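Visitor: So that we are looking at the same thing, I have put the structure below in structure tokens.
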Amino acid sequence: MPSRAPRFAAATDQPTPRRPLPWGWWTLLAALVLALALQLVLADRARLATDPAWRPRLEMLCGMLGCTLPAWQEPEAFRVTSRDVRRHPQDERALLVSTSFRNDARWPQAWPVLEVALHDIDGQALGLRRFQPVEYLGSPPATELIAPGQSAMATLEILDPGQRAVAFTFEFH
């Protein structure tokens, strides 16, 4: 009887063919890649939320997952719709500054810091001050955010810089 070598010791010239991975492994790999992409987006959501193209997608995603996004910040989107500077009716050393502004951004954003500057005839700033929302609204805002298209009225009392002040500007921060 010829001796038969064990199968593992048998010499073969051809390598054994590799079996393809079952479809379950490919599905698991795809799910892991998607989970990694989701984690990367969520980890960087504060930066991505400042991009108008990404913002709606992130709002939808955070709505489903229960995460939060920082308030939209676009100070350039605030527009002054009216403004007026008058002598204060009860204090001759002060001015009464009134302005109304609107949020023209596409999303709600935090109430801005309002900067008022008075200038002389040469355009040089005579005085500048930044007012927090509680200061220019007279009380804390009713809501944390100002909605798109929402207007607000600000009234400020400032010291009169005298006859040299001929112009004033408003900026939002």
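The values are calculated or read from the model by the stated rules, or taken from the named source; none is laboratory data. The shown structure was predicted, so the numbers you read here are calculated from the model rather than taken from an experiment. Counting neighbours? That spans all protein chains shown, and the Cβs are built from the backbone with ideal geometry, glycine included. The accessibility values were calculated without ligands, DNA or RNA, using every heavy atom of the protein model including side chains. Shrake-Rupley method; radii C 1.70, N 1.55, O 1.52, S 1.80 Å.
Visitor: Please identify the GluC sites (Glu not before Pro) of the stretch 22-110 that satisfy two criteria: DSSP loop assignment and at most 10 other Cβ atoms within 10 Å. Which are they?
Guide: GLU92
Visitor: Probe of 1.4 angstrom, ligands and nucleic acids ignored: what's the accessible area per residue over the chain, in square angstrom?
Guide: Accessible surface, normalised per residue, equals 74 Å².
Visitor: Would you mind getting the Kirkwood hydrodynamic radius of the chain from its Cα pairs, rounded to one decimal in Å?
Guide: 21.7
Visitor: Here is a follow-up. What is the Cα centroid distance between the stretch 157-173 and the stretch 72-128, reported in whole angstrom?
Guide: One Cα centre to the other: 9 Å.
Visitor: In a GNM of the chain with a 10 Å cut-off on Cα contacts, which of ALA31, ALA110, ALA147 has the highest mean-square fluctuation?
Guide: Highest fluctuation of the listed residues: ALA31.
Visitor: Could you tell me what fraction of 2.2 N^0.38 Å the Cα radius of gyration of the stretch 97-173 comes to, as a two-decimal ratio?
Guide: Taking N as the residue count of the stretch 97-173, the ratio is 1.20.
Visitor: Now for a separate question. How about the stretch 95-173: which trypsin sites (Lys or Arg not before Pro) there are in a DSSP loop, with at most 13 other Cβ atoms within 10 Å of their Cβ?
Guide: Passing sites in the stretch 95-173 are ARG164.
Visitor: Based on the Cβ-Cβ distance of SER139 and ALA37, what FRET efficiency does E = 1/(1 + (r/R0)^6) give at R0 = 45 Å, to the nearest 0.05?
Guide: For SER139 and ALA37, the calculated efficiency is 0.50.
Visitor: Can you tell me the length gained on complete extension of the stretch ARG87 to ARG55, counting 0.36 nm per residue apart and subtracting the Cα distance?
Guide: Roughly 7.1 nm would be gained on extension.
Visitor: Given the DSSP H assignment, sum -39500 (n - 2.57) over each helix run of at least 4 residues in the chain and divide by its residue total; what's the result at 222 nm in deg cm²/dmol, nearest 500?
Guide: When only DSSP H runs of four or more count, the value is -7000 deg cm²/dmol.
Visitor: Would you please give the FRET efficiency between GLN150 and ASP120, computed as 1/(1 + (r/R0)^6) with r the Cβ-Cβ distance and R0 = 35 Å, to the nearest 0.05?
Guide: Result of the calculation: an efficiency of 0.55.
Visitor: What order do ASP120, ASP91 take when sorted by accessible area (1.4 Å probe), most exposed first?
Guide: ASP91, ASP120
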